[in-house]
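Participant: Before anything else, here's the structure in question.
Coordinate-derived values only; no laboratory data. Here the structure is a predicted model, which means the values were calculated and not measured. FYI the Cβ positions are ideal-geometry reconstructions off the backbone, even for glycines, and counts take in every protein chain you see.
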Amino acid sequence: MIRKLFWFPVDRVLITPGFYPGMTMTEQDTAIARKWIKQALHDLEMAEKNIGIEGYDVAAFLSHQSVEKLLKGLVAYSGQPVPKTHFIDELGRTLHLPDEILECIMDLSADYQFSRYPDISDSIPFEQYNETLARQRIASAKNIFDHVSDRTRKIMEDAQ
């Protein structure tokens, strides 16, 4: 019944142990991590492109999303189940990231909701974002990506 709600096969969306027949758990963890990281990189690219169309709120949101997916990829690679959370500060602490990176993460945390929902504050979200703020959010995300670049490079190489 659920299958009819989606245009894609649902059984290909659910990623559980045994999803990749013939792979060890380590190989599965790497494959899952690689998918998260590839999507994270795409989201960061889309955040940057939104600057050009003055989608500053969307750029901030996608900066958060890119970091969330990056961190979930790192969690998956470590062999832990990917948590169903949007709290990137919790993900950062799970990965034992240093305080200066956790500060960048905290810069992005509020954007998950504030950039999208008008009932979070007295203002309309898109009116609160400008180019400077959006660029700051992208810079924070890039700083986080840079900090874990050795790990992500290894994951992408291991998946080859």
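Participant: Name the shape class, rounded, prolate or oblate, that the alpha-carbon gyration tensor gives for region 32-107, where a ≥ b ≥ c are the square roots of its eigenvalues, rounded holds for a/c under 1.5, and otherwise prolate holds if a/b is larger than b/c and oblate otherwise. Each step should come with its number before you reach the end.
Facilitator: Working: a/c = 2.56, a/b = 1.51, b/c = 1.69.
Judged from the Cα gyration tensor, region 32-107 comes out oblate (a/c at least 1.5, b/c at or above a/b).
Participant: Mind sorting Ile155, Ile120 by how few other Cβ atoms lie within 10 Å of their own Cβ, fewest first? Let's see the in-between values first.
Facilitator: Working: Ile155 22, Ile120 12.
Sorted ascending by nearby Cβ count, the order is Ile120, Ile155.
Participant: Enumerate the amide H contacts of Leu97 below 5 Å, restricted to partners 5 or more residues apart or on another chain; note that Pro and chain-start residues carry no placed amide H.
Facilitator: none
Participant: Expected output is a single nm value to one decimal: the length gained when fully extending between Ser78 and Asn143, i.e. 0.36 nm times separation in residues minus the C-alpha distance. What is it?
Facilitator: Values: separation 65, 0.36 × 65 = 23.40 nm, distance 2.13 nm.
Here the segment from Ser78 to Asn143 would lengthen by 21.3 nm.
Participant: Beta carbons within 10 angstrom, averaged per residue: use that to sort the peptides 58-71, 27-40, highest first. Before the final figure, lay out the partial values.
Facilitator: Values: 58-71: 26.5, 27-40: 20.8.
Sorting 58-71, 27-40 by mean packing, highest first, produces 58-71, 27-40.
Participant: Another question about this same structure. Using θ = phi - 60° and the Karplus curve 6.51 cos²θ - 1.76 cosθ + 1.60, what whole-Hz ³J(HN,Hα) does each residue of region 46-56 get, with Gly and Pro shown as x?
Facilitator: 5, 4, 5, 5, 5, 4, x, 10, 6, x, 5
Participant: Could you check the simple spin-label distance between Ser121 and Glu100, using points 7 Å along Cα→Cβ, in nm with one decimal?
Facilitator: Result: 2.8 nm between the two label points.
Participant: Which one of Pro98, Ile37, Leu133 is farthest out on the positive end of the charge dipole of region 24-158, using unit charges on Cβ (Lys, Arg +1; Asp, Glu -1) and the Cα centre as origin?
Facilitator: Value: Ile37.
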